[in-house]
Amino acid sequence: MALLTMLQSQAQEVENAVLWKVEGKGLEISYIFGTMHVLCDATLPPQVEDALALTQVVVLEIDMDGPNLQAEMMQGMMLPEGESISKYLNDKERKTLDIFLNNHLKMPLSSVDKMAPLVVESLLIPAILDCPMQSIETNLIAHAQQEQEDVLGLETVNEQFEAFNSIPLKEQVRALLKKANVGIEQDRALFEKMQEAYMKHDLNGLMRIMNEESSEFMQNSLALLDSRNMNWVPRMVNISKKQAAFYGVGAAHLAGENGVINLLRAQGYEVTPVETN
């Protein structure tokens, strides 16, 4: 059993790389680039620039230059009628969260009470970072616009919010309250660990860091990776059968038994790592 467990663990691991070449079975040669949505340095490596030059379309998790993006995002970030963050908190907890948000967002709980807790967490990212916030996706979109290439999405904005909202609202609120109770230093340390693993191209290490977070919220988030990956892979295949595509998705989607790399390999596609600086 110990040997079987070890072999299964090894089978789930992938090579240390953030850029991957995908080909075979009728696909136009395409590339997958694992990103971190927020980084201190989002400069694209030369090999990524080369891969972009060899492809005809940029595909992100969602179509981030779509004409209706802003309206769809605004709609998705709000809670359903009758719901609020404070509804799931007692008076003491409301006060704790209110102080925390005033300190780090310069706004009270009442200003974000109708927003999805995951959206509020995203607003806290600049406070967590020790550096100006940069985005790989922004650079990928800039390339597509410069080359007059289409930007596509592997899922719609609505599908992405539906996936996130499958985590029970009460659980999302408790995770946000936990941040208020422990402070952002814990999140800052986690971000630094994840960024270090990413800069080393250690996708397996990145997954281990996430798996070490034992909260129910994190475990639900990891389960979402699997379901989204399984939805994405057929869409990636359909796109790459028509044109050479450059995919930019969160690096956490690539590794693991149900990661994009293993799912594509299991279907017989050739997925090879490309060394990057």
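Side notes on the structure shown:
- Overall shape: oblate for segment 33-131, with the ratio a/c of the largest to smallest alpha carbon gyration tensor axis at 1.5 or above and b/c at least equal to a/b.
- Here the dipole of the chain is about 620 debye; that uses its Cα centre as origin and unit charges on the Cβ of Lys and Arg (positive) and Asp and Glu (negative).
- Within the shell of other residues whose beta carbon sits under 13 angstrom from the beta carbon of residue 187, the net charge comes to -1, with Lys and Arg scored +1 and Asp and Glu -1.
- The count of lysine pairs in segment 104-201 with alpha-carbon distances below 18 Å, taking only pairs 8 or more places apart or on different chains, stands at 6.
- Residue-averaged 222 nm ellipticity for the chain, from DSSP H runs of 4+ at -39500 (n - 2.57), nearest 500: -16500 deg cm²/dmol
- Using the Cβ-Cβ distance between residue 146 and residue 95 with R0 = 51 Å, the FRET efficiency computed as 1/(1 + (r/R0)^6) comes to roughly 0.55.
- Neighbour-count order for 92, 25, fewest beta carbons within 10 angstrom listed first: 92, 25
- Note that segment 205-277 shows a convex hull volume over its alpha carbon atoms of 102 Å³ per residue.
- Measuring how big the chain is from its alpha-carbon positions, Rg and Dmax come out at 19.5, 60 Å.
- Between 0 and 90 degrees, the angle of helix 91-105 with respect to the longest Cα principal axis of the chain falls at about 60 degrees.
- Span from the segment 20-38 Cα centroid across to the segment 244-268 one, whole angstrom: 8
- Length gained when the stretch residue 257-residue 199 is fully extended (0.36 nm per residue, less Cα-Cα span): 18.7 nm
- Spin-label pair residue 87-residue 102: with each label point 7 Å from Cα along the Cα-Cβ axis, the two points sit 2.5 nm from one another.
- Here the Karplus curve 6.51 cos²θ - 1.76 cosθ + 1.60, taken at θ = phi - 60°, turns the phi angles of segment 32-39 into couplings of 10, 10, x, 10, 10, 5, 9, 9 Hz, with x standing for Gly and Pro.
- Partner lysines for residue 25 [C-alpha distance under 22 Å; skip if fewer than 8 residues away on the same chain]: 241, 242
Just so you know, all these numbers are worked out from the coordinates, no wet-lab data involved. Just so it is clear, the model here is predicted, and its values are computed rather than measured. In this analysis, Cβ positions are derived from the backbone assuming ideal geometry, glycine residues included, and neighbour counts consider all displayed protein chains.
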